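Read the structure below first, then the notes.
The values are calculated or read from the model by the stated rules, or taken from the named source; none is laboratory data. Worth saying up front: this structure is predicted, and the values here are computed from it rather than measured. Cβ: placed from backbone, ideal geometry, glycine included. Neighbour counts: every protein chain shown.
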Amino acid sequence: MAEYDPIIRDIVEYVYHGQITEEHVYQRARVALLDALGCAIETLHLSPDCRALVGPVVSGTVVPGGVRVTGTDHVVDPLKGAFDLGALIRYLDHNDAYAGAEWGHPSDNLGAILSVADWLSQQDTKIPLRTILTAQIKAYEIQGILQQTNAFNAHGLDHVILVKVASTAVAAWLLGLSESAALAAVSHAWVDGHPLRTYRQAPNAGPRKGWAAGDACMRAVHLALLTQRATVGIRTAISAPRWGFSDALYAGQEVTRAFPYGSRVMETVLFKLITAEGHGISAVEAAVQAGEVLRQRGVAQENIADSIRAIRIRTQQSAVTIIDKTGPLRNAADRDHSLQYMVAVALLKGSVVETADYLDDSPWATDARVDALREKITVTEDLGFTADYYDPQIRSVANAITLELADGEVLEEVVVEFPVGHHKRPETLDGVMHKFRRNMSVMFGSEEVESIIQAAHNDETPIYIQE
Ligand SMILES: C[C@H](C(=O)O)[C@@](O)(CC(=O)O)C(=O)O
């Protein structure tokens, strides 16, 4: 019988036999887990749209021993749990991100991991935190390593394909599937159609980009559970001539892997300390610095917009593809994928753009000065920025801003190569903990928050704590 495609085999081999030995990787995973939970609470607090999506499909459904949806009273089945947790973590685009030929949010996988772990823990298998962190590190790694070299976006496919693949593999492991069943489950993830990323791009950018990860997590758990019961795998799911993933959806290209699986992704994941599409965070920082220069020159904050004739942004290719956007912005997801919007708001506020600033009811969403400033912005790709962005040793996500003033004077360019939240910025991990405390404070008292942090530092913490 034919062997499974190597990409499928390698994933399962890593999930079932890969050893993560370095404690600092687990330490970063704890921080990443807390960050994702804080993002879920932030979403519950700020987004009625996402709140409306969570909970049982049929209201009133009772699932004995079901998955508790963080921050709510909902108890749902493991599929809906994966959807709900994935959507809550991801909805406002504030969870960690990773770049490469493809982009994505590794913590999207936590929807599947936490749902399965919580469900199992309430049956007869107690899942300790260490196991969850291991699954998390591995899901990050599979997604990120495959992102490095495979541009699914170039074929219109959304990057949640990798959430589905990675989450299927770790869900299978958590569920105790045999390796051969896990191979089958992962093969099914590859033949699973795959959503179009049109929901992230103009003119269709919209809320689906917030729940697409939840959808992928749900499907991953479903595929793992189906395989556990009875499903046989598809050995050449990727490579089968004409009908496999490569020929059918990837223009005949091979799916590649440039590095062995280890823990590289957890070690270098970008934490979003500023709510902004990842390729624009350094532009927000540069805009704040440029605004500061204007204020130092005596321009009052309320006159900033009038004092500027033109704004020139140099950026990397991915930012041009994803967030260089003119024209009307129709919803929060449309705004948080607009480089011009985030820079204009940062200049007008005199501080970084925040999650609430993108929402429909934010005053910025309808402020005519934002649109006026957006029109003054030109965005161009800088080939050097693009090269450094793709270089796995550098991994910068640079932006540079030059202001031309109303009187024609051109100010010195402000360049930010490594955005706050980048692993090369020393303040990153403290910043994430600050963000976590702030996000959690909308629902929990400080003692409770501190006890959650403590629990996240104890490998034996059971995921299910009986109140
Ligand atoms: C990874 C991205 C981010 O930093 O938010 C991304 O914007 C990429 C994309 O549009 O594909 C996202 O929404 O997931």
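For residues in segment 226-282 being within 16 Å of the ligand (Cβ to nearest atom) and of a type in the set (Ser, Thr, Tyr), which is surrounded by the fewest Cβ atoms within 10 Å (Cβ to Cβ)?
Ranking the candidates gives THR268 first.
Residues GLY60, GLY65: which one is within 21 Å of LEU177 (Cβ to Cβ), surrounded by fewer than 18 Cβ atoms within 10 Å (Cβ to Cβ) and not assigned by the TED database to the domain that holds PRO392? Reasoning before the result, please.
Working: GLY60 fails: within 21 Å of LEU177 (Cβ to Cβ).
The conditions single out GLY65.
Hey, can you tell me all the residues within segment 193-223 that are away from the ligand (no atom under 12 Å from the Cβ), more than 19 Å from PRO106 (Cα to Cα) and in a helix (DSSP H, G or I)?
HIS222, LEU223
Taking the condition surrounded by fewer than 24 Cβ atoms within 10 Å (Cβ to Cβ) and over 24 Å from ARG68 (Cα atoms), does PRO207 pass?
Numbers: surrounded by fewer than 24 Cβ atoms within 10 Å (Cβ to Cβ): yes; over 24 Å from ARG68 (Cα atoms): no.
For PRO207, the condition - surrounded by fewer than 24 Cβ atoms within 10 Å (Cβ to Cβ) and over 24 Å from ARG68 (Cα atoms) - is not met.
Please go through segment 143-161 and give me each residue that is under 16 Å from the mean Cα position of the chain (by Cα), assigned to a helix (DSSP H, G or I) and either closer than 12 Å to TYR98 by Cα or small (Gly, Ala, Ser) (or both), ordered by number.
Within segment 143-161, GLN143, GLY144, ILE145, LEU146, GLN147, GLN148 qualify.
Does ARG335 meet the test of being in contact with a Phe, Trp or Tyr (Cβ under 7 Å, 6 or more places away or on another chain) and either away from the ligand (no atom under 16 Å from the Cβ) or among the aliphatic types (A, V, I, L, M) (or both)?
no
Checking HIS279 against (1) closer than 18 Å to GLN143 by Cβ; (2) in contact with a helix residue (DSSP H, G or I) (Cβ under 6 Å, 6 or more places away or on another chain); (3) part of a loop (DSSP other than H, G, I, E, B), only one condition comes out false. Which one?
All conditions are met except number (3).
How many residues are surrounded by fewer than 24 Cβ atoms within 10 Å (Cβ to Cβ) and within 14 Å of the ligand (Cβ to nearest atom) if we restrict to segment 153-190?
Total meeting the criteria: 5.
Only one of these conditions is not met by ILE145: (1) under 16 Å from TYR261 (Cβ atoms); (2) more than 16 Å from the ligand (Cβ to nearest atom). Which number is it?
(2)
Among the residues of segment 322-330, are any among the β-branched types (Val, Ile, Thr), within 16 Å of the ligand (Cβ to nearest atom), out of contact with any Ser or Thr (no Cβ under 6 Å at 6 or more places or on another chain) and at pLDDT below 95?
Yes, the conditions are met somewhere in segment 322-330.
Between residues in segment 416-429 that are more than 14 Å from GLU285 (Cα to Cα) and residues that are of a type outside the set (D, E, K, R) and assigned to a helix (DSSP H, G or I), which pairs lie under 6 Å by C-beta distance while being six or more apart or on different chains?
Going by the 6 Å Cβ cut-off, the qualifying pairs are HIS423/THR268; LEU429/VAL31.
Looking at (1) part of a helix (DSSP H, G or I); (2) under 30 Å from ALA251 (Cα atoms); (3) modelled with pLDDT under 95, which is the only condition SER121 fails?
Condition not satisfied by SER121: (2).
Anything in segment 312-353 that is crowded, with 18+ Cβ neighbours inside 10 Å and among the charged types (D, E, K, R)? List them, or say none.
ARG314, ASP324, LYS325, ASP334, ARG335, ASP336
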